[in-house]
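One structure is given below, encoded as structure tokens.
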Amino acid sequence: MTKTPRPKTRETKRVRAVNKRERNRVTIALRDKILEGLERTIHLIELVPSDHLDWFPRASASSQKALDFGHLLGHLLDSAAGFCAVLYAAFPSRHGIAGLRELTVNHSCPPAEAVSRLKQYSDCVLGAFDFCRDEDLPRRIPTVFTKSGEPLITLLLGNFEHLTNHKHQLFFYLKQFGVSVNSSDLYRFRADSKRKPQT
Ligand code: NI
């Protein structure tokens, strides 16, 4: 009598996970870079003096008042919420971001609240990317500006650019305020990098 071999459940799951990673290397690299940008932003926010939320750099030649620390943090929430909005448009039934869309952004936000909210957005990005495949990246997603939509990857890179610009703005504010920061606060340097952090 022949014995039926037991299904190799754990091994099958491992092989499937490896195959999924291999087939979606661009998506995974993009996801990790976005999460890294969010992590560095959280790190910088933790350096913001919570008792100076109304401070802003005074040296600007512009007559228009710059954002103060608090409103810059509120706008960073808006930047990060953009990732969730795009991913929600791409995968509307796949993850629970509906609650996040209701939350206030662009207000004067204390650092502790901003850190907590950015962690929520990071979790949202991580969860939503689980449903994204490399073949989804060129898919056109309708936006409020373009009926025919734009490729998902273009929208995600646009959001990343927005976050990066305001992350650097926060870095500049911290420097102007007198907080000791250098490029290692702005970027995550790789372990095998020979480059030393620049100030
Ligand atoms: Ni902006």
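Kindly indicate whether any position in the stretch 149-159 is away from the ligand (no atom under 16 Å from the Cβ), touching a residue at least 24 places away in the same chain (Cβ under 8 Å) and part of a strand (DSSP E or B). Within the stretch 149-159, not a single residue is away from the ligand (no atom under 16 Å from the Cβ), touching a residue at least 24 places away in the same chain (Cβ under 8 Å) and part of a strand (DSSP E or B). Can you spot a residue in the stretch 45-65 that is under 23 Å from residue 101 (Cβ atoms), buried (at least 21 other Cβ atoms within 10 Å of the Cβ) and away from the ligand (no atom under 15 Å from the Cβ)? Yes. Within the stretch 66-84, identify whether any single residue is in a loop (DSSP other than H, G, I, E, B) and either within 13 Å of the ligand (Cβ to nearest atom) or surrounded by fewer than 17 Cβ atoms within 10 Å (Cβ to Cβ) (or both), and answer yes or no. Yes: one or more hits. Of the residues 174, 170, the single one that is away from the ligand (no atom under 15 Å from the Cβ), at pLDDT 95 or above and among the aliphatic types (A, V, I, L, M) is 174. Against the list (1) farther than 30 Å from residue 135 by Cα; (2) modelled with pLDDT under 95, the condition residue 14 fails is (1).
All of 140, 195, 190 fail the test of being among the basic types (Lys, Arg), more than 16 Å from the ligand (Cβ to nearest atom) and modelled with pLDDT of 95 or more, apart from 140. How about the stretch 94-135: which of its residues are at pLDDT below 90, more than 19 Å from residue 39 (Cα to Cα) and surrounded by 15 or more Cβ atoms within 10 Å (Cβ to Cβ)? Listed by number, the residues that qualify are 95, 97.
The values are calculated or read from the model by the stated rules, or taken from the named source; none is laboratory data. For clarity, every value in this text was computed on a predicted model and none was experimentally measured. Quick reminder, even Gly has a Cβ in these numbers, built from the backbone with ideal geometry, and neighbours come from all protein chains shown.
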